[in-house]
Amino acid sequence: MTETSALVNVTDHRAVRQRRLGWRDRCPDLLGIGWVLAVSVGLFLPALIHGPFLGPQDLMLKWGITAQSGGTIRAVPYDPIGIFMPWTVETWQQVHAGHLPLWNPLNGLGMPLAFNWQSAPFGLPALVGYLVPLRYAYTVGVMVTVSVAGTGAYVFGRVLRLGTFASAMAGTVFALSGPLVQWVGWSAASVMSWSGWLFAAAILITKGRHRIRSIFLFASALAMSIYAGHPESSFILVLALCLFFAVVVVHRLVGDGDWSSAVRSTMDLAVAGVAGGALAAPLILPGVQLIELSARRTNTTLAVLPPHGLAYFLFNGFDGLGVGTGNWFGWFPGGAVTDYVGAIALALLVVAVSARWRRPEVMALGAVTVVMVGAVFVPSFASMLHRIPFFGSAQLIRAEMPVAFALAMLAGIGLDVLVRRNSCTRVQLRALASFGLIAIVLLATWFFARGHLSSTDARTRAISFLWPAIETTFGSAVVGGIMVLKRQGRAGNHRVAVRLAAGSLLVAEAAFLIASGAPVWTSSTRFFPVRPAVATLKRDVGTSLVGTGVTSCPSALLFPSLPSLGFLGETNIVYGVRFLSVYDGVVPASDFRAWTRATGRSAGELGNDYFCPVVHTVSAARLFGISYVLEPRRVSGPAGSTFVARVGNEDLFHVPGASEATLTALSPAGAIPAAQTLGIPVPVHHPNPSTWQIETNAPTPQVLRLRLNNLPGWHASIDGRPLVLTSFAGAMLQARIPAGHHRVVLTYWPRAFTVGLLLALVSAASLVGAGSIAWMAARRKRRTWTTDRADASGSAARDGDGIEAPSNPPHETPVEPATPRGTSVRPGWCTPPP
């Protein structure tokens, strides 16, 4: 064949391949993604049947001012109702009022909102939630998180050239796995939900095709994972991603010896990482400042799961709680007792490792699994990770989510092997042996892991065996049925049966995961109903700060005998009441120290996220601007306070002279008086949550003292000129004010946020510019290719050196895909089918 006719044939085959990418050829992927989205929503249907608003609002029935007689609660997660739902309400309201959600004025001495990471007002769940009514924002955000996780794993499977069934299996297992479901509703799960998209972009970068597009995808996914709002989870995810990428690159480098390709891929990933970090700089820069000042930085507690926790991957509720019984009896580090992925997923994982262990992606996923399991279960390894700078306070227990992701992808690869190599008896035997191995593990666990428990706990653990036994039996029967059909020798029926079997395994696995995850969630028929006691309190206190005379820490949930007052966590935000207690990962360490220095009492455990001081004296209340104090019924308030009203089961007392802003005269020598010196209250106007406006009028120089957290980002002006702010009582702000009438304005806008916005703008412009250049170059190349094709066709017709191939060859032989690297055929192995 001449060069001209060869060019014609090549171009025609390109045209054929382009036509194959039409919408009809995308139908399987649309169905696969539709399945993943359907099961993601299906996880919450059992809860939504009882009420349209997801969240454990029933916890409020037994707490403080929102308590209700006769209310019953379940053992459900605390944090969604304690912080994440209130933050969702606050960010939604500020955005719809036309404000950037930068500051939360309703808890403690005020707290950052956008930069505390976990409120995640710029994350995808929040962005979608802004589009729906407030009462549905949190529910929609939770569903978005699960959907992002499932679709990302599906896309990663397709990038690995897995089939539709296999990719759907990977997406289903990851989206509905216990490690993700138990943290859904937390920002940690929102961060990890981007795993599939990041890993897919990393593989595309290693392939080297469409470099700009791959870099753009990686940078965007990385930025969205950071905006999801949990720095330690972001660190764990990046660690897993770097390990995966390193194994893939090293494997291909050893196999091909192509140093230039390896260096190019590494540089592209580094560029993508820098671009993604720059896109997220508006959160990273001010957020890191707050982390360095937070009490959480002093917490070096290391939590790992016990070795028997490996059973959690097979069981749901092995140590209770997960089966919806409301009790647990195993080690319970923050709820990590539901790490299930299911018997079918684990059996398919064994198939993947045994049949595809030479593939670099399988090796890399295996390495991620081993390292992340070590972080969760091996104390010495977890301790080593804790020594990494800026990571000493991280909870490595969340590394179970990358484990679930790796296991889900390996399960998808295993199902792909079972489908593609449907005529291979050895593969089917391995699948059958995998289910047999799981059956042996179940039997051994049944006989040796129940004798030391009480009758109630043993019954709970026995229930946890139900689904693994069903999955194991069903999976064995499906694989056995495939083998029987193969023996009958009908190839066509056998291929159809294999696909039906794959679909059956997918449905069975989804049924197990939905049945396991559904009991975790509750819902409500009303969105934060306003109790009469709450309405009375809001009417009496207005915008003043309210404290409590006994503990307001959520530890009382675990110890019901402890009295509790006020609001559960930060649910006061929903009702617009300022409350002294703070439950936040970036609560400043200075708040704890200032309270202890002023009162001699602890304000909570330093190094934890709870700032919940107990107000015992009027002097402490005035120092920190606490105008009202809640006490148990028939208990007197601090000496010097006055009774106001009975609010539900609590009594409300007023502290005279307490205010969020006071003016105190300077000494004759111009010195600032002691912190405990009484001042004259002055009114404060708040045009938005991030602004204070104060009018002062005094005959002598004064010091203006503000009960406002001294955190980076606050700027002050007096009559339009800059005003210097200094520290007050070690935690708050104050400024010298000259005599006369003046207007003082404070605004919260960190300089680091401005720098971050500039970096994000530069990164976005660079990515768009590079993409535009690449698009124009590709368009120019296509035009050149079309011209060359027309010239080659005309030349062939004139010279008679070749005949132009028809645009749709009637007898075209499909091109078989190349055997994946690392799957070379050896004697005794089945040949991979096309």
*Using the Karplus equation 6.51 cos²θ - 1.76 cosθ + 1.60 (θ = phi - 60°), what ³J(HN,Hα) coupling, rounded to whole Hz, does each residue of the stretch 766-775 give in order, writing x for Gly and Pro?*
5, 5, 5, x, 5, x, 5, 5, 5, 5
*May I ask you to list the lysines whose Cα is less than 24 Å away from that of Lys207, ignoring any residue fewer than eight positions away on the same chain?*
Lys781
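Which of the trypsin sites (Lys or Arg not before Pro) found in the stretch 195-279 are in a DSSP loop and have at most 15 neighbouring Cβ atoms, other than their own, within 10 Å?
Working: sites: Lys207, Arg209, Arg211, Arg213, Arg252, Arg264; in loops: Arg209.
Hits after loop and neighbour filter: Arg209.
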_Quick check: from the Cα gyration tensor, does the stretch 370-477 come out rounded (a/c under 1.5), prolate or oblate?_
oblate
_Per-residue SASA entry for Tyr136, accessible area with 1.4 Å probe, Å² rounded to 10_ = 80
_Set of lysines near Lys538 by C-alpha distance (under 26 Å), chain-local residues within fewer than 8 positions excluded_ = Lys62
*What is the Cα centroid distance between the stretch 586-665 and the stretch 97-152, reported in whole angstrom?*
30
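Rank these by accessible area, largest first, 1.4 Å probe: His308, His96. Intermediate values should be presented prior to the final figure.
On the way: His308 80, His96 100 Å².
Sorted by accessible area, descending: His96, His308.
With the Cα gyration tensor of the stretch 422-547 giving a ≥ b ≥ c as the square roots of its eigenvalues, does the rule (a/c under 1.5 for rounded; else a/b larger than b/c for prolate; else oblate) give rounded, prolate or oblate?
oblate
Rounded, prolate or oblate for the stretch 208-306? Axes are the square roots of the Cα gyration tensor eigenvalues, ordered a ≥ b ≥ c, and the cut-off for rounded is a/c under 1.5.
Values: a/c = 3.09, a/b = 1.62, b/c = 1.91.
Cα axes put the stretch 208-306 in the oblate bin.
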*asked:* Would you report the distance distribution of C-alpha pairs in the stretch 424-475 as whole percents per 10 angstrom bin, up to the bin with the largest distance?
replied: 23, 43, 23, 9, 2
*Cβ under 10 Å from Met111's Cβ, Met111 left aside: what net charge do those residues give with Lys, Arg +1 and Asp, Glu -1?*
-3
*For Thr548, what is the net charge nearby, where nearby means another residue's Cβ is under 10 Å from its Cβ and Lys, Arg count +1, Asp, Glu -1?*
-2
*Over the stretch 609-758, how many percent of alpha carbon pairs lie in each 5 Å bin up to the one with the longest distance?*
2, 9, 16, 18, 18, 14, 11, 7, 4, 2, 0, 0
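List the trypsin sites (Lys or Arg not before Pro) within the stretch 615-663 that DSSP assigns to loop and that have no more than 13 neighbouring Cβ atoms inside 10 Å.
On the way: sites: Arg622, Arg633, Arg634, Arg646; in loops: Arg633, Arg634.
Those that pass, being in a loop and sparsely packed, are Arg633, Arg634.
Taking the Cβ of Gln395 as the center, what net charge do the other residues with Cβ under 15 Å away carry, scoring Lys and Arg +1 and Asp and Glu -1?
Values: positive: Arg296, Arg297, Arg398; negative: Asp79, Glu232, Asp339, Glu400, Asp609.
Cβ neighbours under 15 Å give a net charge of -2.
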*asked:* Taking the full set of protein chains and a 1.4 angstrom probe, give the accessible area of Ile463 in square angstrom, rounded to the nearest 10.
replied: 90
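The values are calculated or read from the model by the stated rules, or taken from the named source; none is laboratory data. All of these numbers come straight from a predicted model, not from anything done at the bench. Ideal geometry is used to build each Cβ from the backbone, glycine not excepted, and the neighbour counts take in all protein chains shown. What goes into the accessible areas is simple: the full protein's heavy atoms, side chains included, and nothing from ligands, DNA or RNA. Shrake-Rupley method; radii C 1.70, N 1.55, O 1.52, S 1.80 Å.
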